[in-house]
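Below is one structure; the comments refer to it alone.
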Amino acid sequence: MSMLTAVPPPTEAPGTRAEITISHGRSVPVPLLFLGRAFRTLWSNGKARIGLCIVGLFILVAIIAPLIAPHSPTATTFTPYSSPNGTNLFGTTGNGQDVFSQMLYGARVSLLVGLSAGLLATFVAVTIGLIAGYRPGPVDEVLSFITNLALVIPAIPLMIILAAYLPNRSVWTIVFVVAFTSWATGARVMRSQASTLRSREFVTSAVFSGERLGRVVFREILPNMTSLVASSFFSAATAAVMAEASLEFLGLGNPNTVSWGTILYYAQQQNALLTGQWVLVFAPGLAIAMLAVSFTLINFGVDALSNPRLREK
Amino acid sequence: MSADRAATARPDGARRTGADVPALVLNGVTKTYRVRGRNRKLVTAVDDVSFTVAPGAAVGLVGASGSGKTTLARMIAGSQRPSYGTIDFGQLAVHRLHTRGLRRYHHRVQMVFQDPYGALNPLHTVEYTIARPCQNFLGMSARQAQARVHELLETVGLTPPAQFAAKLPHQLSGGQRQRVVIARALACDPDLIVADEPVSMLDVSLRAGVLRLLAKLRAERGLSLLYITHDLLSARVVTDEILVLNGGRIVEQGPTKRVLQHPKDDYTIRLLDAVANPYAIAAAAPSIDTTAASTP
Amino acid sequence: MALLSASGVNVVYQPSRGQRISAVRDVDLSLEQGEFVGLVGESGCGKSTLGFALTRMLRPPARLERGQIIFDGVDVSSLDGEELRRRRRNGFALVLQSGMNALNPVRTVGRHFGDILKAHAEPGEKHSAAAVRERGTELLGKVHLDPDVLSRFPHELSGGMRQRVSIALALSLEPQLIVFDEPTTALDVIVQGAVMQTIKELQREHKFTALLISHDLGVVLESTDRVLVMYAGRIVEDQPSRDLLTGPHHPYTEALLSCYGDPRADEVQLGEIPGSPPDLSLSEPGCPFTPRCPLAEEVCHTVDPPLTILGRGRAACHVRAPLVSVESGAAHVR
């Protein structure tokens, strides 16, 4: 392997030899290493770095919420409707719960819904987009029709109907509903990208090199779509964070979970603005916006993911 | 020729000897398709083309754009099917092949594309690109493939191979990329290489090098070559036999030198006149020493 | 007096911070009234960039770093906005490689003529639909196209026809200088010849000055009076076409010529230039052609040769055009 280290790939600073071995070896790359490289690529973009920091902060808060939350988020032991004070940093709800603790715990739900709905929507989008893009003809036409249909159905009303009629209301219902309504945009973009890539000469060359279908799709086409996949993921995650809050706010979630959406829901129910408790609206609103913005910021850095030339800079 | 072939180590043992290398035989190949649009006109892209590429031969297929040469190349590559007619390569009826059969066919017939920028996946190293056919067709292990990649890189003149093996396409110049594409085509030790305008996107200063490489490989490995181009000069340099294609039909064919020196068809003459040739002007002027700067 | 004379032209690309590509380096050139000049070089030698710089068409990240461009007695390198726009009328025009990309796909050819005439109209000058039609018909006739092309959209035309439309559009403002940037490269071989023929005819008839930028020395030698050879951002040779063909000065030109041949000849031997051009983001001492040069001497590695008068032209080479006195000002001719 000594000869490989002599010429490190341009993407990395010297010293990342594990990565070199992987890109060199013909085994499927270890996902963790792939993620690591993707992370470094994103990190090199200024805006994406800010986004990553914010998301990182939220994730940290979500994980250590039990350690840093001063009170239980569900305990109704405080004076209701109190303004921010020493004990309750953000005041309390009409039920006498500590809003600050609720905010910390709420990060869990928002992140969980955002990331998992994003993942699910992206997975559906990639699958449908790849198949449609790689198999022109009837398969593509059917899948494109379904995609277009999903695109023109207004998402929020559909979400509301789905959420209202699905039997058990849990966070996972929301994940499913959000994923179901937001895969189509991504699928359409993936389809056109896959069909462009399919006709590229390097894909034809891969077929000439004896590559089988799976390998052509997953090693030749998909890696060239990494930035699209990532951008689709972050867009879907942004939409999911917003949609989750909207559904909770409309009372279509489970009112017993603690999330930023439910804080808003109760704030509205209990006329927080009339009682002067602006923190109840402001804090979850800001948190939701921050999370959405941070995903969008990360999106600025994804272009470099499947363009080795951009990665060099 | 057979001595040359023996000299080249065949990684898969004595799979083939000179005698059982098949010829590529096209018989009455025709391709028609309907144009999209209001009138849905029937267009004949390739019209009743028949020819043979004998083992070890170098055949040029020349024509301007729209002459049907690209469609013909696609049919020979197996990515399109003729509407009528047959394409046979030994036992393989190329015009009928499906996924499996095509894979067997590609083991023996490889393609070099026009655009060295597009023919390489920007995310794969040179080594990966060349190693894949070795593993897929020759059943080599990763280690064996690596050794073969280095050997192939030397063959196409990318030395030191270790240095080039680790590079990504964008770190190479156009000429170097085209050499990588050729190395990949050679990797599975094919019998026939179909080269579709392999030098038309390269700078003139690099053309001769790539053409010389193709000629050398043909001589050393007994490869047959089907060279598709609009450029008669490069066809003259690498081919023995030439077919001139116009409007999907073969309008003239014969030994390259004879056809180019004594063209009979009007279209061939027009193609000849289209070759940007400073020496045609020089012919009127006093003689000049044109060979002074040519490298050996 | 020369129609256009440029001196000390330097163009840099700065695509991102810390990156700096010197695409054109200290170029001096002049174009005489009515002259047909070729500008030849391999991909990435800066020839198109120079063409853009001369017509003031550079866009970021490229910029004219230094240099003076005198066109028709006016220093155009410092003009901007309105004045520059006015200079384009009876001034200079640019014809690009791809006629398709230069034309707006949703406008008919006739609308293109209307747009260009209106955009450059003198104050008070009116262009009625009939006048535009008449002018368009006349210009299309010059490039051998039917008047009914006026009502067609770019996608309805073949590549050759689109390029002819681009040329007709360039002619519409009666420029004194037209820069053709690879006008036939994207076209089919046979169409190429016909389009070049038209360009030559027009040049002879209208007596405009033409600069033909091409990677193909063959095409350039067939049509131009004088050829400038560019290598690594510099002009390395400048000679009348016939002289260049029969007696190239610079070893690069000589090697480039050897890459061509006659397919009809009894014996065809094609030359090549091993190696590749230098990276223009680096600034290394010496003549940039040294690593590929068969004649390189010691001095070539350290001193960049200036463009020196040699015969009826100029060349930048220590071996072929040795300097008597090291006075770089001697490099200016014309």
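The values are calculated or read from the model by the stated rules, or taken from the named source; none is laboratory data. Fair warning: this is a prediction, and the values are worked out from it, not measured in the lab. Glycine gets a Cβ as well: all are built from the backbone with ideal geometry, and neighbour counts include every protein chain shown. Heavy atoms of the whole protein, side chains included, go into the accessibility calculation; ligands, DNA and RNA do not. Shrake-Rupley method; radii C 1.70, N 1.55, O 1.52, S 1.80 Å.
Observations
- Evaluating C:V189 against the criteria (1) hydrophobic (A, V, I, L, M, F, W, C); (2) within 17 Å of the chain's Cα centre (by Cα); (3) more than 30 Å from C:R320 (Cβ to Cβ) leaves one unmet condition, (2).
- Selection count, the range C:230-250, where residues are of a type in the set (A, V, I, L, M, F, W, C) and either within 12 Å of chain B (Cβ to nearest Cβ) or over 23 Å from C:L295 (Cβ atoms) (or both): 2
- The lone exception for C:E125 - which of (1) open to solvent by 40 Å² or more (accessible area, probe 1.4 Å); (2) modelled with pLDDT of 85 or more it fails: (2)
- Residue list for the range C:310-334, restricted to those being surrounded by fewer than 17 Cβ atoms within 10 Å (Cβ to Cβ) and modelled with pLDDT of 85 or more: C:R312
- Pairs with Cβ under 8 Å, 6+ apart, first in the range C:10-24 and closer than 12 Å to C:L50 by Cα, second of a type in the set (D, E) and open to solvent by less than 70 Å² (accessible area, probe 1.4 Å): C:N10/C:E65; C:V11/C:E65; C:V12/C:E65
- Matching option when the condition is open to solvent by 60 Å² or more (accessible area, probe 1.4 Å) and under 25 Å from C:D72 (Cβ atoms), among C:E174, C:E156, C:E134: C:E174
- Residues in the range A:144-181 that are closer than 19 Å to A:I128 by Cα and aromatic (F, W, Y): A:F145, A:F176, A:F180.
- Of the residues making up the range A:172-213, those that are within 14 Å of another protein chain (Cβ to nearest Cβ), under 20 Å from A:T127 (Cβ atoms) and hydrophobic (A, V, I, L, M, F, W, C) are A:L197, A:V203, A:L213.
- Within the range C:63-86, tally of residues that are touching a strand residue (DSSP E or B) at 6+ places or on another chain (Cβ under 7 Å) and open to solvent by 10 Å² or more (accessible area, probe 1.4 Å): 9
- Unmet requirement for A:R169, which otherwise passes all of (1) away from chain B (no Cβ under 14 Å); (2) in a helix (DSSP H, G or I): (2)
- Qualifying residues in the range C:216-250 (those that are under 15 Å from the mean Cα position of the chain (by Cα) and part of a loop (DSSP other than H, G, I, E, B)) - the one surrounded by the fewest Cβ atoms within 10 Å (Cβ to Cβ): C:D225
- Restricting the range C:251-270 to residues that are acidic (D, E) and in a loop (DSSP other than H, G, I, E, B), the residue that is nearest to the other protein chains (Cβ to nearest Cβ) is C:D262.
- When C:V109, C:V27, C:V74 are screened for being at pLDDT 80 or above and closer than 30 Å to C:S276 by Cα, only C:V27 passes.
- Taken together, the criteria exclude B:A45 from residues that are out of contact with any Lys or Arg (no Cβ under 6 Å at 6 or more places or on another chain), more than 20 Å from B:R179 (Cβ to Cβ) and open to solvent by 10 Å² or more (accessible area, probe 1.4 Å).
- The one condition in (1) closer than 16 Å to C:A210 by Cα; (2) open to solvent by 60 Å² or more (accessible area, probe 1.4 Å); (3) away from chain B (no Cβ under 14 Å) that C:L3 fails to fulfil: (2)
- The residue of the range A:38-79 that is farthest from A:V258 (Cα to Cα), among those that are open to solvent by 60 Å² or more (accessible area, probe 1.4 Å) and not in a helix (DSSP H, G or I), is A:S44.
- When the criteria are applied in full, A:G210 meets the requirement of being at pLDDT 85 or above and either buried (at least 16 other Cβ atoms within 10 Å of the Cβ) or not in a helix (DSSP H, G or I) (or both).
- Residue under evaluation A:G301, criteria (1) closer than 17 Å to A:V109 by Cα; (2) of a type outside the set (A, V, I, L, M); (3) touching a Lys or Arg at 6+ places or on another chain (Cβ under 7 Å), criterion not met: (1)
- Hits in the range A:250-265 (condition: of a type outside the set (V, I, T) and surrounded by 22 or more Cβ atoms within 10 Å (Cβ to Cβ)): A:L252, A:G253, A:S259, A:W260, A:G261, A:L264
- Selection count where residues are within 7 Å of another protein chain (Cβ to nearest Cβ), modelled with pLDDT of 55 or more and surrounded by 17 or more Cβ atoms within 10 Å (Cβ to Cβ), scope the range B:255-296: 11
- When A:F202 is tested against (1) modelled with pLDDT of 90 or more; (2) farther than 30 Å from A:I63 by Cβ; (3) surrounded by fewer than 20 Cβ atoms within 10 Å (Cβ to Cβ); (4) of a type outside the set (D, E), only condition (3) is not met.
- Out of C:I273, C:I213, C:I199, one residue alone is open to solvent by less than 10 Å² (accessible area, probe 1.4 Å) and facing chain B (nearest Cβ under 8 Å). It is C:I273.
- Looking only at residues of the range B:66-116 that are more than 11 Å from chain A (Cβ to nearest Cβ) and polar (S, T, N, Q), we find that the one that is nearest to B:T32 (Cα to Cα) is B:S83.
- Subset tally (residues that are farther than 30 Å from A:L166 by Cα, open to solvent by 10 Å² or more (accessible area, probe 1.4 Å) and either among the β-branched types (V, I, T) or in contact (Cβ under 8 Å) with a residue 24 or more places away in the chain (or both)) for the range A:214-229: 7
- Restricted to the range A:244-313, the set of helices (runs of 4 or more DSSP H) holding at least 3 residues that are free of Cβ contacts under 8 Å to residues at least 24 places away in the same chain comprises A:260-269, A:278-299.
- Residue within the range A:177-199 that is open to solvent by 50 Å² or more (accessible area, probe 1.4 Å) and over 22 Å from A:S144 (Cβ atoms) present: no
- Per-region count, the range B:155-198, residues free of Cβ contacts under 8 Å to residues at least 40 places away in the same chain, within 12 Å of another protein chain (Cβ to nearest Cβ) and more than 24 Å from C:C45 (Cβ to Cβ): 5
- Residues of the range C:30-53 that are under 28 Å from B:L202 (Cα atoms), open to solvent by less than 30 Å² (accessible area, probe 1.4 Å) and outside any loop (DSSP other than H, G, I, E, B): C:F36, C:V37, C:G38, C:L39, C:V40, C:K47, C:T49, C:L50, C:G51, C:A53.
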